[in-house]
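Undergrad: My questions all concern the structure below.
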Amino acid sequence: MLNKSLVLGIDLGTSGVRIAIINTKKKILFTSSKTYSKGLEISEDWLNSLKTLIQETPKDLKEKLVSCSVAGTSGTLLACKKDGKPIGKALPYFLSFSEYSKEIDKLFTKECPGSSISGSVGRALRLIALYGNEIILRHQADWITGWLMNNWDYGEEGNNIRMGWEISNNSWPENFKHLKWLQCLPKIIPSGQTMGNICTNKANELNLPKNLQVIAGTTDSNAGVLATFPNKNDGVTILGSTIVIKKFVNNALSGKGISNHRLLGTWLSGGASNSGAAILLDFFNLEYIEELSKQINPNKSTGLNLIPLSKQGERFPIDNPNLQPKLGPRPVSDSLYLHALFEGLAKIEARGWHKLHELGADLPRQIITIGGGAKNITWKKIREREIGIPIKICNRPPAAGVASIALKGLL
């Protein structure tokens, strides 16, 4: 019976939602995606996209589902009433509030993702300033998980690292004990642990089994890593709206902008830049990028040292909220400009791998790359030249990675 069981992965990204259904051998049987109609800040959009996708999933597959798991953008924070009803817009992961830097510094005694100005604490302080502390604060994946169970008490550990959760000792930082808004934060559950069953009303609404288990998931970038089935010597780069690099390591790494997650019984360390493929779409559409890419010689350097950020501020490989974009001078040739943007992005990725190496990780022998930007062969060749490590492309979506966590519900 278990061999015929299926699991569902739900991945909420920067631009939309994707779901995947896999079997016990991790084979993808179904996948589908939907772009947000209004954007990442609108939680109603997360929900409507998810409902549409599940309602359109073949009934014969849904009937065999035994568990599901959710991944979301790490750091996108929503204020809610205690019954989970959203208050206002979510604050996306890329918003930082430097006016709270002194308050954040007082809360942390050591550098960690929570202590960074780009962490979730600044967003939490902004939401509390707006709505008071008789609210609950939930990251994207935790809010959707809460909706499925009709219980918003819990949060998954990886999704709360940027709020300051310390995975190594399973606690909030010592200084959090005196916070007036500590009760706004969730009770933390490790990735892979059963959180509960789907709420009966939601099961009926979505035509899902009433005994469907909800398993604590992970962040969207971790889901991407899991989808590649990497070995110990592989590094993984997710080229989505942002550049995220991750590697399995023996011991957790320490530094600003570094996150450490426990997955599959070992440590996964890495960091995420604010820069990524989104910057390309500020200048060109996808079809034009494809056309221009064919005109680029990836073995040559443009000599233009761009810093391709959409707005001020970077979190990794350097943590600098004041770092300015450098997007000029723009050459007359569009293909030369795209070439320079690719190079700038590749340099950020290369610095990221060297940063992890400085902090104690082995350099990867190969980099597996996923995400929308992974498909561009010209960019891949430029990246290989800048980084000096062979790159392999993987097309499995992160939703399949988070679905593999849901397999724990079968054990």
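The values are calculated or read from the model by the stated rules, or taken from the named source; none is laboratory data. Computed from a predicted structure; not experimentally measured. Note that we place each Cβ from the backbone using ideal geometry, even for glycine, and neighbour counts take in every protein chain shown. Each accessible area value is taken on the protein alone, full model and side chains, heavy atoms only, with ligands, DNA and RNA left out. Shrake-Rupley method; radii C 1.70, N 1.55, O 1.52, S 1.80 Å.
Undergrad: Which of LYS110/LYS347; LYS232/LYS311; LYS64/LYS202; LYS81/LYS177; LYS25/LYS51; LYS64/LYS89 have a Cα-Cα distance over 24 Å?
TA: Flagged as over cut-off: LYS110/LYS347; LYS232/LYS311; LYS25/LYS51; LYS64/LYS89.
Undergrad: Which far-off residues, 5 or more places away or on another chain, put their amide H under 5 Å from the one on THR218, with H placed in the peptide plane?
TA: VAL70, ALA71, GLY72
Undergrad: Another question about this same structure. Can I get the semi-axes of segment 62-164's equivalent ellipsoid? Compute them from the C-alpha gyration tensor as square roots of 5 times the eigenvalues, in angstrom, largest first.
TA: Each semi-axis is the square root of five times an eigenvalue, giving 26, 16, 10 Å.
Undergrad: Quick one: net charge around GLY155, please, counting Lys, Arg +1 and Asp, Glu -1 for every other residue with C-beta under 10 Å from its C-beta.
TA: So the environment of GLY155 carries a net charge of -2.
Undergrad: Show the residues, 5+ positions off or on another chain, whose built amide H is closer than 5 Å to the amide H of LEU65.
TA: Those lying under 5 Å, H to H, from LEU65 are LEU6.
Undergrad: Evaluate 2.2 N^0.38 Å with N set to the residue count of segment 1-56, then give the Cα radius of gyration divided by it.
TA: Here the Cα radius of gyration is 1.27 times the empirical estimate.
Undergrad: Another question, then. For segment 82-91, take each phi angle, set θ = phi - 60°, evaluate the Karplus expression 6.51 cos²θ - 1.76 cosθ + 1.60, and give the result in whole Hz per residue in order, putting x for glycine and proline.
TA: 5, 8, x, 6, x, 10, x, 8, 6, 9
Undergrad: Also: Hey, in the GNM for the chain with a 10 angstrom Cα cutoff, which one of LEU107, LEU182, LEU53 fluctuates hardest?
TA: Of LEU107, LEU182, LEU53, the Gaussian network model singles out LEU182 as fluctuating most.
Undergrad: So what J values fall out for segment 312-320 if you push phi through Karplus, 6.51 cos²θ - 1.76 cosθ + 1.60 with θ = phi - 60°, rounded to Hz, Gly and Pro as x?
TA: Karplus-based 3J(HN,Hα) across segment 312-320 equals 4, x, 9, 10, 6, x, 10, 9, 9 Hz.
Undergrad: Taking every pair of alpha-carbon atoms in segment 120-233, what share in percent sits in each 5 Å bin, from 0 to the bin with the longest distance?
TA: Histogram of Cα-Cα distances, whole percents per bin: 2, 11, 18, 20, 18, 14, 9, 6, 2, 0.
Undergrad: For segment 198-266, what number results from the quotient of the Cα radius of gyration and 2.2 N^0.38 Å?
TA: Cα-based Rg divided by the globular estimate yields 1.49.
Undergrad: Using alpha carbon centroids, what distance separates segment 198-256 and segment 43-85, in Å?
TA: 14
Undergrad: List, in order, the whole-Hz ³J(HN,Hα) value for each residue of segment 195-200 obtained from phi through the Karplus relation with A = 6.51, B = -1.76, C = 1.60 and θ = phi - 60°; use x for Gly and Pro.
TA: Once θ is set to phi - 60°, the couplings for segment 195-200 become 9, x, 9, 4, 5, 4 Hz.
Undergrad: Please report the Cα spread of segment 214-304 along all three principal axes, rounded to whole Å, starting with the longest.
TA: For segment 214-304, the Cα extents along the three principal axes come out at 45, 34, 25 Å.
Undergrad: In addition: What accessible area per residue comes out for segment 45-119, rounded to a whole number of Å², with a 1.4 Å probe?
TA: Ligands and nucleic acids excluded, the result is 43 Å² per residue.
Undergrad: Here's another thing I want to ask about it. Count charges around GLN213 for me, please; just the other residues with Cβ under 14 Å from its Cβ, Lys/Arg as +1, Asp/Glu as -1.
TA: +4
Undergrad: Rounded to whole Å and sorted largest first, what semi-axes of the equivalent ellipsoid does the C-alpha gyration tensor of segment 1-151 yield via the square root of 5 times each eigenvalue?
TA: 33, 16, 14
Undergrad: So how compact is the chain: Cα radius of gyration and Dmax in angstrom?
TA: Here Rg and the maximum Cα pair distance are 20.6, 63 Å.
Undergrad: Looking at the chain, identify the longest residue range that excludes and avoids all GluC sites (Glu not before Pro) in DSSP loops having at most 16 other Cβ atoms within 10 Å.
TA: 135-411
Undergrad: Hey, what's the per residue convex hull volume over the C-alpha atoms of segment 169-237, in cubic angstrom?
TA: 177
Undergrad: In Å², what does the accessible area per residue of segment 310-411 work out to with a 1.4 Å probe?
TA: Accessible area per residue, segment 310-411: 43 Å².
Undergrad: Something else about it: State, in angstrom, two size descriptors of segment 254-364 derived from its alpha carbons: Rg to one decimal place and Dmax to the nearest whole number.
TA: Answer for segment 254-364, Rg first and Dmax second: 15.9, 52 Å.
Undergrad: How charged is the neighbourhood of ASP45? Take every other residue with its Cβ under 12 Å from the Cβ of ASP45, and add Lys/Arg as +1 and Asp/Glu as -1.
TA: That works out to +2.
Undergrad: In whole Å, how far is the Cα centre of segment 288-332 from that of segment 110-132?
TA: A separation of 29 Å, based on Cα centres.
Undergrad: Please arrange LEU47, LEU363 by accessible surface area, largest first, computed with a 1.4 Å probe and ligands excluded.
TA: Ranked from most to least accessible, the order is LEU363, LEU47.
Undergrad: Just tell me the longest site-free run in the chain, where the sites are trypsin sites (Lys or Arg not before Pro) in a DSSP loop having at most 13 other beta-carbon atoms within 10 Å.
TA: 111-179
Undergrad: Further, regarding this structure: Between GLY158, GLY72, GLY132, find the one with the highest GNM mean-square fluctuation for the chain; connect C-alpha pairs within less than 10 Å.
TA: Among GLY158, GLY72, GLY132, the largest GNM mean-square fluctuation belongs to GLY132.
Undergrad: If amide H atoms are built 1.01 Å from N in the plane of the peptide, which residues on other chains or at least 5 residues away come under 5 Å of the amide H of SER32?
TA: ILE19
Undergrad: Out of ALA277, LEU206, LEU304, whose Cα points farthest toward the positive end of the dipole of segment 181-340 (charges: +1 Lys, Arg; -1 Asp, Glu; placed on Cβ)?
TA: Of the options given, the answer is LEU206.
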